[in-house]
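Asker: Have a look at this one.
The values are calculated or read from the model by the stated rules, or taken from the named source; none is laboratory data. This structure is a prediction, so every number in the text was calculated from the model and none was measured. So basically every Cβ, Gly included, is an ideal-geometry build from the backbone, and we count neighbours across all protein chains shown.
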Amino acid sequence: MTVIKIDTRPIVDWNTFHEVFAATLGFPGFYGRNMNAWIDCMSYVDDAGAGMSSITVEPGGLLVLQLDYVNEFAARCPEQYQAIAEGAAFVNWRRMEQGQEAVLALSYYKQPPR
């Protein structure tokens, strides 16, 4: 299991949502900056050779996205907050439909542990 902390404080709209995720997870230069592209990148986090993210886990591993300051984020950006949950669920569903293991989990912190 690999835990990646996502500081949600800079996210104020769709543009900053994609900036934060692309920078934190190392999405490729051709990242489309929409939820379909986010789902595509996240679907391959256990395939380092795919080049869809600089953050990868071993095959069969789990990537945990720890959303820090989540209460503020959910209040400020309800669409983006919901999109993460739905996107992660879709990534896992699609993979399981193809006979693969779920690869994403979400963790929420009001404030990150110090």
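Asker: Residue by residue through region 31-67, note down the ones that are within 25 Å of Asp13 (Cβ to Cβ), without any contact (Cβ under 8 Å) to a residue 60 or more places away in the chain and polar (S, T, N, Q).
Answerer: Asn34, Asn36, Ser53, Ser54
Asker: On the given criteria, is Val70 in contact with a strand residue (DSSP E or B) (Cβ under 9 Å, 6 or more places away or on another chain) and free of Cβ contacts under 8 Å to residues at least 24 places away in the same chain? Working first, answer last.
Answerer: Values: in contact with a strand residue (DSSP E or B) (Cβ under 9 Å, 6 or more places away or on another chain): yes; free of Cβ contacts under 8 Å to residues at least 24 places away in the same chain: no.
No; evaluated as a whole, the condition is false for this residue.
Asker: Right, next: Give all pairs with beta carbons closer than 7 Å in which a residue from region 1-30 that is at pLDDT below 95 meets a residue that is assigned to a loop (DSSP other than H, G, I, E, B); count only pairs at least 6 apart in sequence or on separate chains.
Answerer: That search, which allows pairs on different chains as well, returns Met1/Gly61; Met1/Leu62.
Asker: Can you report the number of residues in region 1-24 which are polar (S, T, N, Q) and surrounded by 17 or more Cβ atoms within 10 Å (Cβ to Cβ)?
Answerer: Going residue by residue through region 1-24, those that are polar (S, T, N, Q) are 2, 8, 15-16, 24.
Now drop any that are not surrounded by 17 or more Cβ atoms within 10 Å (Cβ to Cβ), which leaves 8.
Of the residues in region 1-24, 1 are polar (S, T, N, Q) and surrounded by 17 or more Cβ atoms within 10 Å (Cβ to Cβ).
Asker: Determine, yes or no, whether Val103 is under 15 Å from the mean Cα position of the chain (by Cα), more than 20 Å from Asp7 (Cα to Cα), at pLDDT 95 or above and not basic (Lys, Arg).
Answerer: On the way: under 15 Å from the mean Cα position of the chain (by Cα): yes; more than 20 Å from Asp7 (Cα to Cα): yes; at pLDDT 95 or above: yes; not basic (Lys, Arg): yes.
Yes, satisfied.
Asker: May I ask you to verify whether Phe27 is surrounded by 14 or more Cβ atoms within 10 Å (Cβ to Cβ) and part of a helix (DSSP H, G or I)? Lay out the reasoning, then the answer.
Answerer: On the way: surrounded by 14 or more Cβ atoms within 10 Å (Cβ to Cβ): yes; part of a helix (DSSP H, G or I): no.
Taking the combined requirement at face value, the residue does not satisfy it.
The rows are residues; the columns are (1) part of a helix (DSSP H, G or I); (2) of a type in the set (Ser, Thr, Tyr); (3) under 11 Å from the mean Cα position of the chain (by Cα); (4) at pLDDT 95 or above.
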residue	(1), (2), (3), (4)
Gly49	yes, no, no, yes
Pro59	no, no, no, no
Ala85	yes, no, yes, yes
Arg94	yes, no, no, yes
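Asker: Here's something else I'd like to know. Quickly run through region 64-79 and pick out the residues that are touching a helix residue (DSSP H, G or I) at 6+ places or on another chain (Cβ under 9 Å) and either outside any helix (DSSP H, G or I) or within 24 Å of Asp46 (Cα to Cα) (or both).
Answerer: The initial filter retains those residues of region 64-79 that are touching a helix residue (DSSP H, G or I) at 6+ places or on another chain (Cβ under 9 Å), namely 65, 67, 70, 73-75, 77, 79.
Leu65, Leu67, Cys77, listed by residue number.
Asker: Looking at this structure, is Ser54 closer than 13 Å to Ile6 by Cβ, out of contact with any Asp or Glu (no Cβ under 6 Å at 6 or more places or on another chain) and among the polar types (S, T, N, Q)? Before you say what the answer is, go through the steps one by one.
Answerer: Working: closer than 13 Å to Ile6 by Cβ: no; out of contact with any Asp or Glu (no Cβ under 6 Å at 6 or more places or on another chain): yes; among the polar types (S, T, N, Q): yes.
When the stated conditions are applied, Ser54 does not pass them.
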